[in-house]
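Contents: one structure, followed by commentary.
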Amino acid sequence: MACANVGVVAVAGGKSDWLAHLGLPLFHQRRRCPSASADASAEDQGYRSRVHPSDGLKVRICQTVSSTEAEGPGRRFAIWVQGCPIRCVGCCNPAMLAENGGIEVEVKDLVRQIHSTEDIEGITFVGGEPFAQPDAVAEICRECQTHGLSVMVFTGFTLDELEGRSNPAIQLALDHTDLLVDGPFVQGQVEQRRRWIGSANQGLHFLSDRYQPLDPVFWADNTVEIRFDGREISVNGWPLQSMGGNKGKLV
């Protein structure tokens with residue numbers, strides 16, 4: 001199991017104090033360090049030898065957006081996975097709940113598409129529930145992060161729940177994640193103060209040193225992107241609940 005250093009950002013008189021005064025969760029810094037454990041390293045190597053893009057591993061997705069600035073810091077390749085077991089009331093992506101919806105694509109093809117996309121800072125997994133497909137998500141996270149891209153994941157599970165799982169794929173995915181937004185969406189706690197956060201119970205965890213909580217990008221306003229390709233309109237970004245729309249395609 002990878003170790004973790006846990007801290008909570010708190011700056012006297014700063015924005016973190018302001019959030020605490022409002023009763024909102026603070027940003028969490030939890031550094032995962034798999035190299036510190038020989039057992040974890042061996043487990044990682046064993047998993048990587050068992051699951052590799054060349055093995056025909058597939059992931060079920062609803063859609064991708066190759067370049068967006070609304071789903072995390074910088075310009076990102078966003079992947080909406082298909083299927084979610086959590087079923088949050090008020091989910092903004094109900095079309096992505098069914099496990100048999102969307103399309104299956106090979107991980108190696110998706111990774112190739114990501115690497116061929118120019119001028120992106122990283123990838124973002126949204127959904128759906130990424131950790132419902134841990135093998136595929138772990139491999140994509142590893143392939144992208146080891147090639148210099150940052151990785152952000154939105155999950156309805158809490159970080160503690162994920163770290164308590166014995167599934168090595170989940171642990172590998174976390175080891176190759178820089179930013180994690182965790183927790184189920186709670187309809188009665190809609191959050192509009194913290195960027196990219198759906199409800200007040202959810203946390204933003206910094207799992208690597210790639211980003212810092214007080215970076216101005218995390219305090220900017222949320223954005224919504226609208227695209228039209230001549231046939232249909234697609235919308236993604238935050239907060240879409242107030243627009244009455246969904247992430248994804250609005251035909």
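Numbers for the structure displayed
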| read-out | value |
| --- | --- |
| Scope segment 85-110; condition touching a residue at least 40 places away in the same chain (Cβ under 8 Å), more than 11 Å from residue 61 (Cα to Cα) and in a loop (DSSP other than H, G, I, E, B); matching residues | 85, 86, 88, 89, 90, 91, 92, 93 |
| Test: residue in segment 224-233 that is at pLDDT 95 or above and farther than 14 Å from residue 70 by Cβ | no |
| Of all residues making up segment 107-137, the number that are over 17 Å from residue 71 (Cβ atoms) and surrounded by fewer than 23 Cβ atoms within 10 Å (Cβ to Cβ) | 10 |
| Residues of segment 138-163 that turn out to be outside any helix (DSSP H, G or I) and buried (at least 18 other Cβ atoms within 10 Å of the Cβ), as a count | 9 |
| Enumeration of residues in segment 125-137 that are touching a Lys or Arg at 6+ places or on another chain (Cβ under 8 Å), more than 16 Å from residue 92 (Cα to Cα) and not in a loop (DSSP other than H, G, I, E, B) | 136 |
| Segment 75-97 - residue that is farther than 9 Å from residue 128 by Cα and under 14 Å from the mean Cα position of the chain (by Cα) and, of those, surrounded by the fewest Cβ atoms within 10 Å (Cβ to Cβ) | 77 |
| Count of residues meeting criterion [assigned to a helix (DSSP H, G or I) and among the β-branched types (Val, Ile, Thr)] in segment 111-124 | 2 |
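Yes/no matrix, rows are residues, columns are (1) crowded, with 20+ Cβ neighbours inside 10 Å; (2) assigned to a helix (DSSP H, G or I); (3) without any contact (Cβ under 8 Å) to a residue 24 or more places away in the chain; (4) among the acidic types (Asp, Glu):
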site: 165; (1), (2), (3), (4): no, no, yes, no
site: 173; (1), (2), (3), (4): yes, yes, no, no
site: 196; (1), (2), (3), (4): yes, no, no, no
site: 204; (1), (2), (3), (4): yes, no, no, no
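The values are calculated or read from the model by the stated rules, or taken from the named source; none is laboratory data. Note that the coordinates shown come from a computational prediction; the quantities given were computed from them, not determined experimentally. Virtual Cβ from ideal backbone geometry, glycine too; neighbours counted across all protein chains shown.
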